[in-house]
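*Asks:* If you scroll down you'll find the structure; I have some questions about it.
The values are calculated or read from the model by the stated rules, or taken from the named source; none is laboratory data. These figures come from a predicted structure and were not determined experimentally. Cβ placement follows ideal geometry from the backbone for every residue including glycine, while neighbour counts extend to all protein chains displayed. Just the protein is used for accessible areas: all its heavy atoms, side chains included, with ligands, DNA and RNA removed. Shrake-Rupley method; radii C 1.70, N 1.55, O 1.52, S 1.80 Å.
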Amino acid sequence: MALVFCSSPQPYTPAYNDQTIVYNSNQVAVTDFKYIVDVQVNGGTVFSNDILPRPDGYLVYDPREIVQNYITRDYFDPTSVTCKYANGKSCSVVVTVKEYYSGVVQTTSNVNYIAFDACLNDDDFRAYNYLNYVSASTNVKLLSSVNLEYNNPEILADVKNDIWIHFFRNNCTSIRLRVYNQLAVLQGTITLSIPTTNNFIYYANIGYKTLVNQGYTPLDGWYVEVAILNVTTVYYSSTYTFTDLHTKYDKYTVQYLKRNGNIQRFNFEMISSITLNKKDNTVRLNPKRLNSGIYGSNSWDAEVKTVSTKSTKQIVLNTNWITPEQLAALEELWDSPVKWIVDSNNVYKSFTLTDSSMSMNKGFTDPLISMKITCEYDVQETRQRGL
(Lines give C-alpha, C1' and ligand atoms only; values in the text may rest on other atoms or scores of the structure.)
Protein backbone atom coordinates (compact mmCIF):
# COMPACT_ATOMS: atom_id res chain seq x y z
CA MET A 1 0.00 0.00 0.00
CA ALA A 2 1.31 3.42 -0.90
CA LEU A 3 -0.75 6.61 -0.77
CA VAL A 4 1.60 9.27 -2.14
CA PHE A 5 1.03 12.99 -1.54
CA CYS A 6 1.70 15.13 -4.61
CA SER A 7 0.35 18.65 -4.05
CA SER A 8 -2.14 20.73 -2.04
CA PRO A 9 -3.17 24.38 -1.56
CA GLN A 10 -0.84 26.77 0.25
CA PRO A 11 -1.34 27.04 4.06
CA TYR A 12 -3.51 30.13 3.48
CA THR A 13 -5.37 30.18 0.20
CA PRO A 14 -8.16 32.23 -1.44
CA ALA A 15 -11.48 30.49 -0.87
CA TYR A 16 -12.79 31.26 -4.37
CA ASN A 17 -9.74 30.05 -6.30
CA ASP A 18 -8.64 26.50 -7.07
CA GLN A 19 -7.74 24.39 -4.03
CA THR A 20 -6.55 21.34 -5.95
CA ILE A 21 -5.34 18.34 -3.95
CA VAL A 22 -3.40 15.61 -5.79
CA TYR A 23 -2.50 12.12 -4.55
CA ASN A 24 -1.33 8.93 -6.21
CA SER A 25 -1.28 5.23 -5.37
CA ASN A 26 0.40 2.14 -6.77
CA GLN A 27 -2.60 -0.02 -5.86
CA VAL A 28 -5.09 1.32 -8.40
CA ALA A 29 -5.09 -2.01 -10.29
CA VAL A 30 -6.84 -3.74 -7.37
CA THR A 31 -10.43 -4.52 -8.35
CA ASP A 32 -12.28 -2.59 -5.66
CA PHE A 33 -9.78 0.30 -5.39
CA LYS A 34 -11.09 3.78 -4.76
CA TYR A 35 -10.13 6.99 -3.01
CA ILE A 36 -12.30 8.27 -0.18
CA VAL A 37 -12.11 12.03 0.43
CA ASP A 38 -13.59 13.62 3.58
CA VAL A 39 -13.90 17.40 3.79
CA GLN A 40 -14.50 19.10 7.15
CA VAL A 41 -14.70 22.88 7.57
CA ASN A 42 -14.45 24.58 10.97
CA GLY A 43 -14.79 21.22 12.69
CA GLY A 44 -18.35 20.81 11.43
CA THR A 45 -20.09 18.36 9.13
CA VAL A 46 -17.89 15.85 7.32
CA PHE A 47 -18.63 15.63 3.59
CA SER A 48 -17.49 12.27 2.24
CA ASN A 49 -16.87 11.38 -1.42
CA ASP A 50 -15.96 8.07 -3.05
CA ILE A 51 -13.77 8.86 -6.05
CA LEU A 52 -12.40 6.44 -8.61
CA PRO A 53 -8.85 7.11 -9.82
CA ARG A 54 -8.18 8.80 -13.12
CA PRO A 55 -6.80 6.63 -15.97
CA ASP A 56 -3.29 7.60 -14.83
CA GLY A 57 -4.10 6.51 -11.25
CA TYR A 58 -4.09 9.98 -9.71
CA LEU A 59 -6.66 11.55 -7.43
CA VAL A 60 -7.28 15.20 -8.40
CA TYR A 61 -9.82 16.79 -6.09
CA ASP A 62 -10.88 20.40 -5.43
CA PRO A 63 -13.06 21.07 -2.32
CA ARG A 64 -13.68 24.70 -3.31
CA GLU A 65 -17.44 24.27 -3.85
CA ILE A 66 -17.79 23.09 -0.25
CA VAL A 67 -15.32 25.54 1.31
CA GLN A 68 -16.63 28.76 -0.25
CA ASN A 69 -20.05 28.18 1.32
CA TYR A 70 -18.48 28.76 4.73
CA ILE A 71 -17.31 32.26 3.76
CA THR A 72 -19.82 34.90 4.87
CA ARG A 73 -19.83 38.67 5.34
CA ASP A 74 -22.40 38.89 8.11
CA TYR A 75 -19.62 40.18 10.34
CA PHE A 76 -19.40 43.55 8.56
CA ASP A 77 -20.88 46.47 10.48
CA PRO A 78 -20.44 49.84 8.69
CA THR A 79 -21.26 51.70 11.93
CA SER A 80 -18.41 50.04 13.85
CA VAL A 81 -15.81 52.25 15.55
CA THR A 82 -13.90 49.39 17.21
CA CYS A 83 -11.71 46.51 16.02
CA LYS A 84 -13.72 43.31 15.62
CA TYR A 85 -13.23 39.68 14.69
CA ALA A 86 -14.40 39.10 11.12
CA ASN A 87 -16.36 35.94 11.83
CA GLY A 88 -16.87 34.02 8.58
CA LYS A 89 -14.15 35.90 6.69
CA SER A 90 -11.95 32.80 6.84
CA CYS A 91 -12.33 29.13 7.71
CA SER A 92 -10.23 26.13 8.71
CA VAL A 93 -10.24 23.21 6.25
CA VAL A 94 -9.24 19.60 6.84
CA VAL A 95 -9.25 17.23 3.85
CA THR A 96 -8.70 13.57 4.67
CA VAL A 97 -7.70 11.30 1.78
CA LYS A 98 -8.10 7.54 2.26
CA GLU A 99 -6.86 4.68 0.13
CA TYR A 100 -9.47 1.91 -0.01
CA TYR A 101 -9.09 -1.58 -1.47
CA SER A 102 -9.55 -5.24 -0.49
CA GLY A 103 -12.65 -4.19 1.42
CA VAL A 104 -10.98 -1.86 3.96
CA VAL A 105 -9.29 1.54 4.29
CA GLN A 106 -5.55 0.99 3.95
CA THR A 107 -3.83 4.38 4.28
CA THR A 108 -4.99 7.82 5.42
CA SER A 109 -3.44 11.27 4.87
CA ASN A 110 -4.59 14.76 5.93
CA VAL A 111 -4.30 18.16 4.25
CA ASN A 112 -4.87 21.23 6.47
CA TYR A 113 -5.16 24.87 5.37
CA ILE A 114 -6.98 28.15 5.98
CA ALA A 115 -9.26 29.54 3.26
CA PHE A 116 -10.08 33.25 3.33
CA ASP A 117 -12.39 35.63 1.48
CA ALA A 118 -10.41 36.32 -1.67
CA CYS A 119 -10.73 35.58 -5.37
CA LEU A 120 -7.61 36.51 -7.33
CA ASN A 121 -7.62 36.76 -11.10
CA ASP A 122 -5.85 34.02 -13.02
CA ASP A 123 -2.59 35.90 -13.54
CA ASP A 124 -2.29 36.88 -9.87
CA PHE A 125 -3.24 33.43 -8.63
CA ARG A 126 -0.58 31.75 -10.76
CA ALA A 127 1.99 33.89 -8.93
CA TYR A 128 0.19 33.66 -5.57
CA ASN A 129 2.33 33.53 -2.42
CA TYR A 130 0.42 33.54 0.84
CA LEU A 131 3.30 35.37 2.58
CA ASN A 132 2.24 38.52 0.70
CA TYR A 133 -1.16 38.43 2.40
CA VAL A 134 -0.82 36.74 5.77
CA SER A 135 0.71 38.16 8.95
CA ALA A 136 3.77 36.25 10.09
CA SER A 137 6.68 36.52 12.49
CA THR A 138 6.93 40.17 13.64
CA ASN A 139 4.83 41.81 10.95
CA VAL A 140 1.19 42.33 10.07
CA LYS A 141 0.06 42.40 6.46
CA LEU A 142 -3.24 43.80 5.29
CA LEU A 143 -5.20 41.56 2.94
CA SER A 144 -3.32 43.06 0.03
CA SER A 145 0.04 42.60 -1.64
CA VAL A 146 0.75 46.34 -1.33
CA ASN A 147 0.90 48.69 1.63
CA LEU A 148 -2.06 50.81 2.71
CA GLU A 149 -3.92 51.25 -0.56
CA TYR A 150 -5.71 54.31 0.74
CA ASN A 151 -2.25 55.96 1.08
CA ASN A 152 -1.88 55.68 -2.68
CA PRO A 153 -1.82 59.27 -4.01
CA GLU A 154 -3.89 58.11 -6.97
CA ILE A 155 -6.81 57.39 -4.61
CA LEU A 156 -7.79 60.39 -2.46
CA ALA A 157 -9.07 59.97 1.09
CA ASP A 158 -11.79 62.56 1.55
CA VAL A 159 -12.20 64.09 5.01
CA LYS A 160 -15.37 62.00 5.48
CA ASN A 161 -13.98 58.70 4.16
CA ASP A 162 -14.23 55.57 6.25
CA ILE A 163 -11.01 53.60 5.83
CA TRP A 164 -11.35 49.85 6.37
CA ILE A 165 -8.51 47.44 7.01
CA HIS A 166 -8.59 43.64 7.24
CA PHE A 167 -5.67 41.61 8.57
CA PHE A 168 -4.66 38.35 10.23
CA ARG A 169 -4.11 39.20 13.89
CA ASN A 170 -0.80 37.41 14.51
CA ASN A 171 -1.13 37.88 18.30
CA CYS A 172 -1.32 41.67 18.05
CA THR A 173 -3.18 43.43 20.83
CA SER A 174 -4.07 46.94 19.62
CA ILE A 175 -4.27 49.47 16.79
CA ARG A 176 -2.83 52.90 17.59
CA LEU A 177 -3.91 56.01 15.68
CA ARG A 178 -1.96 59.23 16.24
CA VAL A 179 -3.94 62.15 14.84
CA TYR A 180 -2.11 65.28 13.60
CA ASN A 181 -3.48 68.52 12.18
CA GLN A 182 -2.22 70.19 9.00
CA LEU A 183 0.56 71.89 11.03
CA ALA A 184 1.87 68.52 12.25
CA VAL A 185 0.65 69.22 15.79
CA LEU A 186 -0.46 66.07 17.62
CA GLN A 187 -4.17 66.28 18.38
CA GLY A 188 -4.41 63.03 20.29
CA THR A 189 -3.96 59.25 20.27
CA ILE A 190 -6.67 56.64 19.73
CA THR A 191 -6.19 53.03 20.84
CA LEU A 192 -8.42 50.29 19.45
CA SER A 193 -8.12 46.98 21.30
CA ILE A 194 -7.87 43.84 19.15
CA PRO A 195 -9.94 40.93 20.55
CA THR A 196 -7.92 37.78 21.18
CA THR A 197 -10.46 35.30 19.83
CA ASN A 198 -7.94 33.62 17.50
CA ASN A 199 -5.32 34.44 14.87
CA PHE A 200 -7.83 34.71 12.04
CA ILE A 201 -9.03 37.87 10.30
CA TYR A 202 -9.99 41.11 12.08
CA TYR A 203 -11.27 44.38 10.69
CA ALA A 204 -11.40 48.00 11.79
CA ASN A 205 -12.42 51.41 10.49
CA ILE A 206 -9.45 53.71 11.04
CA GLY A 207 -11.01 56.62 9.18
CA TYR A 208 -13.58 59.37 9.65
CA LYS A 209 -16.24 57.66 11.77
CA THR A 210 -13.77 56.34 14.34
CA LEU A 211 -11.97 59.68 14.62
CA VAL A 212 -15.24 61.57 15.14
CA ASN A 213 -16.35 59.04 17.76
CA GLN A 214 -13.15 59.85 19.68
CA GLY A 215 -13.69 63.62 19.41
CA TYR A 216 -11.52 64.44 16.37
CA THR A 217 -13.20 65.83 13.24
CA PRO A 218 -10.58 65.63 10.46
CA LEU A 219 -9.97 68.64 8.23
CA ASP A 220 -8.08 69.14 4.98
CA GLY A 221 -4.43 68.26 5.53
CA TRP A 222 -4.88 66.29 8.73
CA TYR A 223 -3.01 63.00 8.79
CA VAL A 224 -2.97 59.84 10.88
CA GLU A 225 -0.07 57.61 11.82
CA VAL A 226 -1.30 54.01 12.00
CA ALA A 227 0.43 51.30 14.01
CA ILE A 228 -0.63 47.72 14.76
CA LEU A 229 1.11 46.51 17.89
CA ASN A 230 1.85 43.47 20.00
CA VAL A 231 1.85 45.21 23.41
CA THR A 232 4.56 47.81 22.64
CA THR A 233 6.21 46.20 19.60
CA VAL A 234 5.05 47.73 16.30
CA TYR A 235 4.20 45.01 13.77
CA TYR A 236 2.83 47.39 11.14
CA SER A 237 2.97 51.13 10.51
CA SER A 238 1.88 53.60 7.84
CA THR A 239 0.42 57.08 7.39
CA TYR A 240 -2.55 58.46 5.49
CA THR A 241 -3.68 62.03 4.86
CA PHE A 242 -7.18 63.47 4.60
CA THR A 243 -7.97 65.68 1.62
CA ASP A 244 -11.06 67.86 1.25
CA LEU A 245 -12.49 67.20 -2.21
CA HIS A 246 -13.89 70.65 -2.92
CA THR A 247 -16.87 70.41 -5.27
CA LYS A 248 -20.11 72.26 -5.86
CA TYR A 249 -21.93 68.93 -6.26
CA ASP A 250 -22.97 66.30 -3.75
CA LYS A 251 -20.09 63.95 -2.97
CA TYR A 252 -20.67 60.19 -2.93
CA THR A 253 -18.18 57.55 -1.85
CA VAL A 254 -18.43 54.01 -3.16
CA GLN A 255 -17.05 51.27 -0.88
CA TYR A 256 -16.54 47.86 -2.48
CA LEU A 257 -15.11 44.43 -1.77
CA LYS A 258 -11.79 43.83 -3.49
CA ARG A 259 -10.49 40.55 -4.83
CA ASN A 260 -8.00 40.33 -1.96
CA GLY A 261 -10.79 40.55 0.64
CA ASN A 262 -10.22 44.14 1.76
CA ILE A 263 -12.76 46.95 1.33
CA GLN A 264 -11.67 49.82 -0.90
CA ARG A 265 -13.30 53.14 -1.67
CA PHE A 266 -13.51 55.63 -4.50
CA ASN A 267 -14.97 59.14 -4.49
CA PHE A 268 -17.41 60.43 -7.09
CA GLU A 269 -17.51 64.20 -6.68
CA MET A 270 -18.98 65.44 -9.97
CA ILE A 271 -22.64 65.94 -10.91
CA SER A 272 -25.01 63.10 -10.10
CA SER A 273 -28.62 62.42 -11.06
CA ILE A 274 -31.32 60.28 -9.49
CA THR A 275 -34.10 58.39 -11.31
CA LEU A 276 -37.10 56.66 -9.74
CA ASN A 277 -38.59 53.63 -11.49
CA LYS A 278 -41.89 52.13 -10.41
CA LYS A 279 -44.07 49.17 -11.28
CA ASP A 280 -47.82 49.19 -10.57
CA ASN A 281 -49.90 46.04 -10.23
CA THR A 282 -53.53 46.93 -10.96
CA VAL A 283 -56.96 45.30 -11.14
CA ARG A 284 -60.14 46.63 -12.81
CA LEU A 285 -63.22 46.23 -10.59
CA ASN A 286 -66.86 46.14 -11.73
CA PRO A 287 -68.96 49.32 -11.31
CA LYS A 288 -70.75 49.45 -8.01
CA ARG A 289 -74.41 50.22 -7.34
CA LEU A 290 -75.06 53.84 -6.42
CA ASN A 291 -77.58 55.11 -3.88
CA SER A 292 -80.02 55.80 -6.70
CA GLY A 293 -80.17 52.06 -7.38
CA ILE A 294 -78.44 52.16 -10.74
CA TYR A 295 -75.01 50.85 -11.58
CA GLY A 296 -72.30 53.34 -12.36
CA SER A 297 -69.51 55.18 -10.62
CA ASN A 298 -68.91 58.45 -8.86
CA SER A 299 -66.53 60.90 -10.44
CA TRP A 300 -64.08 60.30 -7.62
CA ASP A 301 -64.19 56.50 -7.91
CA ALA A 302 -61.75 54.52 -10.04
CA GLU A 303 -62.41 51.23 -11.77
CA VAL A 304 -58.65 50.56 -12.09
CA LYS A 305 -57.37 49.93 -8.58
CA THR A 306 -53.69 49.76 -7.64
CA VAL A 307 -53.00 46.55 -5.77
CA SER A 308 -49.34 47.28 -5.14
CA THR A 309 -46.64 49.73 -6.15
CA LYS A 310 -42.95 48.95 -5.96
CA SER A 311 -40.25 51.47 -6.78
CA THR A 312 -36.49 51.33 -7.17
CA LYS A 313 -34.04 54.20 -7.22
CA GLN A 314 -31.16 54.64 -9.64
CA ILE A 315 -28.36 57.14 -9.28
CA VAL A 316 -25.77 58.07 -11.92
CA LEU A 317 -22.36 58.96 -10.46
CA ASN A 318 -19.50 60.70 -12.24
CA THR A 319 -15.83 60.94 -11.36
CA ASN A 320 -13.59 63.93 -11.90
CA TRP A 321 -10.71 63.50 -14.34
CA ILE A 322 -8.79 60.36 -13.41
CA THR A 323 -5.61 58.64 -14.57
CA PRO A 324 -5.40 55.40 -16.57
CA GLU A 325 -4.04 53.74 -13.40
CA GLN A 326 -7.09 54.84 -11.43
CA LEU A 327 -9.39 53.57 -14.16
CA ALA A 328 -7.63 50.19 -14.13
CA ALA A 329 -8.07 50.02 -10.33
CA LEU A 330 -11.79 50.68 -10.75
CA GLU A 331 -12.17 47.46 -12.71
CA GLU A 332 -12.54 45.77 -9.32
CA LEU A 333 -15.40 48.12 -8.47
CA TRP A 334 -17.15 47.30 -11.70
CA ASP A 335 -17.21 43.51 -11.12
CA SER A 336 -17.27 43.44 -7.31
CA PRO A 337 -20.23 41.44 -5.92
CA VAL A 338 -20.54 43.63 -2.79
CA LYS A 339 -20.82 47.41 -3.09
CA TRP A 340 -22.18 50.33 -1.05
CA ILE A 341 -22.89 53.98 -1.76
CA VAL A 342 -21.98 56.19 1.18
CA ASP A 343 -23.84 59.51 1.19
CA SER A 344 -22.87 62.82 2.82
CA ASN A 345 -24.38 61.61 6.11
CA ASN A 346 -22.08 58.56 6.06
CA VAL A 347 -25.01 56.17 5.58
CA TYR A 348 -24.20 52.93 3.69
CA LYS A 349 -26.68 51.75 1.05
CA SER A 350 -26.14 48.55 -0.91
CA PHE A 351 -26.42 48.74 -4.70
CA THR A 352 -25.81 46.90 -7.94
CA LEU A 353 -24.35 48.30 -11.14
CA THR A 354 -26.67 48.26 -14.13
CA ASP A 355 -23.81 48.90 -16.57
CA SER A 356 -23.05 45.75 -18.55
CA SER A 357 -19.74 47.00 -20.00
CA MET A 358 -16.84 49.22 -19.02
CA SER A 359 -14.60 51.15 -21.41
CA MET A 360 -10.90 51.03 -20.45
CA ASN A 361 -9.48 54.20 -22.01
CA LYS A 362 -5.68 54.08 -21.72
CA GLY A 363 -5.30 57.85 -22.14
CA PHE A 364 -3.08 57.76 -25.23
CA THR A 365 -5.54 59.29 -27.67
CA ASP A 366 -7.53 61.24 -25.07
CA PRO A 367 -5.66 62.11 -21.83
CA LEU A 368 -8.89 63.31 -20.18
CA ILE A 369 -10.55 60.25 -18.64
CA SER A 370 -13.67 60.13 -16.49
CA MET A 371 -15.94 57.33 -15.40
CA LYS A 372 -19.72 57.19 -15.11
CA ILE A 373 -21.58 54.41 -13.33
CA THR A 374 -25.31 53.76 -12.99
CA CYS A 375 -26.23 52.35 -9.58
CA GLU A 376 -29.53 50.76 -8.62
CA TYR A 377 -30.22 50.57 -4.91
CA ASP A 378 -30.84 47.02 -3.70
CA VAL A 379 -33.76 48.08 -1.49
CA GLN A 380 -37.18 48.06 -3.17
CA GLU A 381 -39.71 50.47 -1.68
CA THR A 382 -43.47 49.75 -1.47
CA ARG A 383 -46.56 51.95 -1.04
CA GLN A 384 -50.10 51.60 0.34
CA ARG A 385 -52.66 49.73 -1.72
CA GLY A 386 -55.21 51.74 -3.66
CA LEU A 387 -58.07 49.31 -2.90
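*Asks:* Over the chain, what number does the Rg to Rh ratio reach, with both radii from the alpha-carbon atoms and Rh per Kirkwood?
*Replies:* 1.11
*Asks:* Could you check how many percent of all C-alpha pairs in the range 57-139 are farther apart than 22 Å?
*Replies:* Here the tail beyond 22 Å accounts for 49 percent of pairs.
*Asks:* What distance in nm separates the two pseudo spin-label positions at D220 and N286, each 7 Å out from Cα along the beta-carbon direction?
*Replies:* 7.1
*Asks:* Next question, about the same structure. Which whole-number value in Å² is the accessible area per residue of the range 10-168, probe 1.4 Å?
*Replies:* 45
*Asks:* Taking every pair of Cα atoms in the range 226-321, average 1/r, invert it to obtain the Kirkwood radius, and report Rg/Rh to two decimals.
*Replies:* Rounded to two decimals, Rg/Rh equals 1.40.
*Asks:* Express the carbon and sulfur contribution to the solvent-accessible surface of the chain as a percent, rounded to the nearest whole number, probe 1.4 angstrom.
*Replies:* Using a 1.4 Å probe with all protein chains present, the chain comes out at 48 percent carbon and sulfur.
*Asks:* Once you charge only the Cβ atoms, +1 for Lys and Arg and -1 for Asp and Glu, what is the size of the charge dipole of the chain about its Cα centre, to the nearest 20 debye?
*Replies:* Charge dipole of the chain: 1260 debye, to the nearest 20.
*Asks:* Next up: Just report the Cα centroid separation between the range 51-114 and the range 259-280, whole Å.
*Replies:* One Cα centre to the other: 35 Å.
*Asks:* Put +1 on the Cβ of each Lys and Arg and -1 on the Cβ of each Asp and Glu in the chain; which of Q19, N129, S336 then has its Cα farthest toward the positive end of the dipole?
*Replies:* Checked the options; the winner is S336.
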